[in-house]
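Worksheet for the structure shown next.
A short reminder: the numbers here are calculations on the coordinates, not readings from a lab. Small disclaimer: the values here were computed from a predicted structure and weren't measured. Cβ placement follows ideal geometry from the backbone for every residue including glycine, while neighbour counts extend to all protein chains displayed.
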Amino acid sequence: MSIFRPFHLPALRKGSAAWRSVALALLLTPFGAWAQTAGATPELQDWRAANEAVAQFKRGHIDLLKWERSNLPKAEQVPEVQPDLMLMAPADAVRAAWKLHPDLMRVQNRLGAEITQQLAEGRLDAMDPSLQRRVDELGELLEVAADARKTWIEAVAARKVLRFREAALTSAEAGSELGRRMVSVGNWSPLQATPFQLATATARMDLRRAQLAARQTEGTLLKLLSLGGSTTVLGLPDALPELPAAALTQAAWAERLQALQAQLPGVTATRNRMASQAAFDVYSASHELAQISSGEVLRLRRYITEETVLHYNGMLKSVWDLLDEVRNQAAAEVDAIDAQRDFWLAEADLQWTLQGGAPNSLVSLGSGNAGADGAPAH
């Protein structure tokens, strides 16, 4: 038995026969394969005849789904909007932000090209702590860099979450449509279909929140780059940087902090030590949570989804089992993105404190929901 090839996530008129066919056919593919792309397809002429076949079998929707997939026309490609400003790494955002502060150019000249490059890339551990005492306005340069880096991280994460929310809604709508069919042919009562209608409503709300978050974070990044209110389209990467295999150890952090403290006056040193301790605590916790979420939880969820698809293709699992698992994996994917985002925000704060900075606030680590199945009963 085999898994169907990846299918393109369609951009169709909601409610049309073609939309229903494509949405249902999506259930026959692994979640990650169709969460990335988009296409379009015309109406299917023989939808009515295929839809009537549902009434013949209790599991007739499975045969219908397979029929629909085999009869779908080849998806058309939707032209992509070309970005006006490419920010494919946090260093790109940092350099763009620095350009808006001409007075910081002399600080960069004083530091030299190599150190400036290290600052742009976030490699603050390579800096000599004594620069805090020897270079005026270094603190402002570091603050601008930290703000740009964190804003870029938020925008990239929000855009990726949006893609998974869109895919999750498509799956939920497919389940709701299947439930409607089962009711229409008398195989279900209206009550049995309501959990899937509720799941669709929840998915729509999640998508709406994700759309707003994506617009807000990109708007904040544009404002930081003095492009607020413009029609600039940002070019951002598909994902955040990979997590480091090992986090900064407490011994290494303490050593760097001690070296910095020797360069700061008494009151400033005390304030900095407290800020850095708090930042290190959040950093350590966020790294562990991100490793568990992106490693253990997401790996297991993907494995369960793959096995569910295999069992579904072999008619050992129902379409409802597949729908449930697609929903569970969507939650795990979003949790992993959020955990990865939180780590990189915490890392930026920690690095800044180890150069004398004091973040206004530290990232609040959220609670994931990928471990709870919470599948609707059917």
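At 37 °C and 0.692 mPa s, grab the translational diffusion coefficient of region 103-224 from Stokes-Einstein with a Kirkwood Rh over Cα pairs, rounded to a whole number in µm² per second. Please list the in-between numbers first.
Values: Rh = 18.3 Å.
In µm²/s, the coefficient rounds to 179.
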Relative contact order for region 84-187 using alpha-carbon pairs under 8 Å, separation at least 6, rounded to a whole percent?
-> 32
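Using the per-residue mean of other Cβ atoms lying within 10 Å as a proxy for protection, in what order, highest first, do the peptides 288-296, 104-112 fall?
Working: 288-296: 17.9, 104-112: 15.1.
Packing order, densest peptide first, comes out as 288-296, 104-112.
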So what is the orientation-averaged projected area of region 159-251, using the convex hull of its C-alpha atoms, in nm²?
-> 10.7
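Over region 227-378, consider all pairs of different Cα atoms and compute the Kirkwood hydrodynamic radius from their mean reciprocal separation; express it in Å, one decimal. Please list the in-between numbers first.
On the way: mean 1/r = 0.0546 Å⁻¹.
Here the Kirkwood hydrodynamic radius works out to 18.3 Å.
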Which shape class, rounded, prolate or oblate, goes with region 247-309 when its Cα gyration tensor gives a ≥ b ≥ c as root eigenvalues, a/c under 1.5 marks rounded, and past that a/b bigger than b/c marks prolate?
-> prolate
With charges set only on the Cβ (+1 for Lys and Arg, -1 for Asp and Glu), what does the dipole of region 80-209 come to about its Cα centre, in debye to the nearest 20?
-> 500
Most packed first (mean Cβ within 10 Å per residue), the peptides 179-185, 125-131 order as 179-185, 125-131
